[in-house]
Amino acid sequence: MELKSLRIQNFRSVEDSGEFTVEHLTCLVGKNEAGKTAVLQAIAGLNPHPATPFAYELERDYPKRYLARYRERHDGKEAEIIRSVWELSEGEINELKGEFGPEAFTGKTIIVSRSYNSTGTAWRLPIDEASAIAFLISRHGFSAAEKSQVGSPTTITELIAKLTELQANAKHKALLDLVNAYPNKSILRKAREILEPNFPQFMYFSNYDRMNAMVHLPSLNVQASDNTLFSNEKYRGDRLFWEFLEYSGVPLSEILGATTFESFNAKLQAASNVLTEEILEYWTQNQDIEIRVNVAEGRPGDPAPFNSGAVGRARIYNLLHKADTSFSERSAGFTWFFSFLIKFDRVKKDATGKVFLLLDEPGLTLHGLAQADLLRYFTEKLEPHHQIIYSTHSPFMVPHDNIMASRIVEDLVKVDTRGRRTPTGTMVREDVLKADKDSVFPLQGALGYSLTQSLFIGKHTILVEGPSDILYLQALSAELLRRKRTGLDPEWVMCPAGGIDKIQSFVSLFAGNSLDVIALSDYTKKDKSKLESLRNSEVIKDGGVLSIADFVAQEEADIEDLFDPQLFCSIVNGTYELTDGQKLDPVKLKAADENTERQVKMAETYFNMLPEPTPLYSHFTPASWLLIHPETLDGDAESVLKTLERAETLFKALNGLIAR
C-alpha cells in the first residue's frame, strides 16, 4: 500500500492542514516556524517505529488556545489528529478478494486515522459485509437445503447466531469455526489483519540526531537497560553509538564481558569500512577520509566518566594528511549523514514490515552541492524501496526534476476589519500560486538553479558571446554537413555567456568538473589582457580559449568576419530589404568606417548614415534571417566558398578539443 493523501488536525500549530496529496517522494517547503516539524511528527505518531518512538500527548500537543475547551469542542469525543488515505496494491486487493470474494471489494483505498487517548489506529476498509458473508456461504459447498437453513444473513452477528443453531451439521460447524476465528469475530477486523503486515512503520529522524564521538560504555549499558531513559532526547547521541555497535555485530554485553578489546575491534573496523564506502558513494565533498571506531580502556587523565572502564570512540582519518580527528570535530553535515545511515539500518532490521521515512530538515548544515548529493541518495537508494516525506527550506534540497512533488507549509493569520490578528494555523498547500512569496522562495530558487544548470545540457559546451553567434555557427555547420564536409560535432552544445568579461565568472559558477568547456570569443585590441587572463586561468583547459581573430586574416574580429564581405553584404541586404541606392556592397561597407576591420562595426556606421526611417542595425536580426534562408549559402560563388572554408577550419579546431 502507498500513502496518497493526509489531513492533520488539532496538533500543535496545525489546527487543520486541509487535505493534501503526497507523492512517493514528497518535499515540504516553508519558512522557519511554519509548522513543518509539527506536520512530520503528527504523521510519525500514526504508527511510529520503536526505534524512533513518538506518542501523542493531549496536554503537550493539542493547540494550547483551545485546550481548556477540549471536551466542549469535540462533544465529549476524542479529537482526531490524523487521517490518511492509502492505495492498495494489486497483490493486497487480490488477497482480500480471495478471502471475501470480488463482489465484497468496493474500492482500492483505505482510510487510517488516529485520535488522542487512543490505543491504536482506526481503519475504514472497502469491504461490503453482506457480500462477504454471501461469498463465505457459497464457498463452503452447502447443498440447497443446507444453504436454505442458513438463510441470507447480512451481518456477521446474524451469521454466527444462525450457525450456532445449526452446528450439528459438519459444514455449518466448519463455517462457524472460521468466522469465530476472525479477530473480534469481525469481517472488517479480518480484512485489517490481512493488510496490517503491509502497513508501514514511520521512522522520524531530525537534523539534530547525531551520534556522539565518545561514549562511556558502562553508562551506556545502564541507559540501554531502561527503555524510558534510553528514549529520552538527552541520550539520543549515545543511543546512536549503541545502534552502531549493534550494526557492527558487537553487542554491548559482549564488549563489557570481554577480557581484551582486540577481538571485536576488528568487527568495529569492518562495519566502519562498510559505512565509509556507502557514505563516499554519495559524499563528493571529500573522498580521502575513512571512519574508524574502536573500544579501549579509559585513561586516568581523561575527564570523568571517560577515565575508567570501556570507552568507545569514533574518529575520522584523513588519508591525505595522515591524521585523524574526533568524530565530533567533523562537519555537522557529515556526522548527520553517518548517523542517519546507522539509524536507518537499525530501523530496517527491527521493522515488522515496510518503513516510511520522515526526515526533518535533512542535510541542513550541508554545503549546497553536498545537499544535492544527499538528494541523489534519497532518489537512488531510498525512494525505490521506501516512501519519503522530508522538510526543507533550502533550494538545493528541492527535487529539480519534480518540483511539483513539493508542498508549501504556511502558518496563516487572519486579519479582520478591525485589524485584529487571529491565527488560522499551519496549512499545507499543493497550489504554490496561493502561497506567499517567502514560503515559495525555495521553489523559486530551485527552479532558477535548475534552469541555469540546464544551460549546460551537454558534457561538451562552447561559450559564445551571444545568441547571434549560435545562429551563425548553426547555419554554417548545417551547410558544411550538407556538402559532406566538416561541421560542428553534435556533441558540442553552444551557450551564450554575454561577452568575454562574463565568461570566466560564468564558467566558475556553473561548470562542474565533469564538463568540457571552451570559450569562443570575438576579439578587439582592448580585450587582449582579458583574453590572456582567461587563457591563463584554471577554469578552462589549455587551448580551450579561442577567438574569431585566430581564423581570419585580421587583428580584430567578430563572428561576422567569418563571412566574405560580398556574402555578408548579401545577408544584410536580404535582412533589411535594402534596394537601389541603399543597397550595401563591400565598397560602401569599407567606406562607412575605415578605422576598423570589423564588418559589424562598419555595418552599424553605415546604417547610422542612412536616412530615416531605416531601422538600427542589430547583431541578431541578420543571423536569424540567415537561419531561415539557408539557400544564401548554396552554390559555388567565390564569396560562399571562402566563407565555408573559414568556418570549416574553425569547426575542425573546435572538434579537436573534445575530450574523448
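Quick check on my filter: what residues within region 371-401 are surrounded by fewer than 18 Cβ atoms within 10 Å (Cβ to Cβ), part of a loop (DSSP other than H, G, I, E, B) and either without any contact (Cβ under 8 Å) to a residue 40 or more places away in the chain or not acidic (Asp, Glu) (or both)? Across region 371-401, the qualifying residues are PRO384, HIS385. For the residues ALA181, ALA258, the requirement of being in contact with a strand residue (DSSP E or B) (Cβ under 9 Å, 6 or more places away or on another chain) and surrounded by fewer than 16 Cβ atoms within 10 Å (Cβ to Cβ) singles out ALA258.
Summed over region 23-60, residues that are among the hydroxyl-bearing types (Ser, Thr, Tyr) and either more than 22 Å from PHE378 (Cβ to Cβ) or assigned to a loop (DSSP other than H, G, I, E, B) (or both) total 2. Residues in region 631-656 that are surrounded by 13 or more Cβ atoms within 10 Å (Cβ to Cβ) and touching a residue at least 60 places away in the same chain (Cβ under 8 Å): 18 in all.
In region 325-342 there is no residue that is of a type in the set (Gly, Ala, Ser), more than 26 Å from HIS400 (Cα to Cα) and touching a Pro at 6+ places or on another chain (Cβ under 8 Å). The residue pairs whose first member lies in region 544-557 and is farther than 14 Å from LYS601 by Cβ and of a type in the set (D, E, K, R), whose second member is at pLDDT below 85 and crowded, with 19+ Cβ neighbours inside 10 Å, and whose beta carbons are closer than 9 Å, counting only pairs six or more residues apart or on different chains, are ASP550/TYR523.
No other residue among LEU359, LEU366 is closer than 25 Å to VAL398 by Cα and in contact with a Gly (Cβ under 7 Å, 6 or more places away or on another chain) apart from LEU366. Can ARG83 be described as surrounded by 18 or more Cβ atoms within 10 Å (Cβ to Cβ) and of a type in the set (D, E, K, R)? The answer is yes for ARG83. Of the residues in region 208-227, at least one is surrounded by fewer than 19 Cβ atoms within 10 Å (Cβ to Cβ), out of contact with any Lys or Arg (no Cβ under 8 Å at 6 or more places or on another chain) and within 30 Å of SER113 (Cα to Cα).
Within region 598-631, being in contact with an Asp or Glu (Cβ under 9 Å, 6 or more places away or on another chain) and in a helix (DSSP H, G or I) holds for GLN599, VAL600, LYS601, MET602, ALA603, GLU604, THR605, TYR606, PRO622, ALA623, PRO630. So which of HIS74, HIS24, HIS49 ends up being surrounded by 13 or more Cβ atoms within 10 Å (Cβ to Cβ) and out of contact with any strand residue (DSSP E or B) (no Cβ under 8 Å at 6 or more places or on another chain)? Sole residue among the options that is surrounded by 13 or more Cβ atoms within 10 Å (Cβ to Cβ) and out of contact with any strand residue (DSSP E or B) (no Cβ under 8 Å at 6 or more places or on another chain): HIS74.
Note on region 74-188: enclosed helices (runs of 4 or more DSSP H) holding 3 or more residues that are modelled with pLDDT of 90 or more are 90-100, 129-139, 156-166, 170-180.
The values are calculated or read from the model by the stated rules, or taken from the named source; none is laboratory data. Model, not experiment: these values are computed from the prediction. Note: ideal-geometry Cβ built from the backbone for every residue, glycine included; neighbour counts use all protein chains shown.
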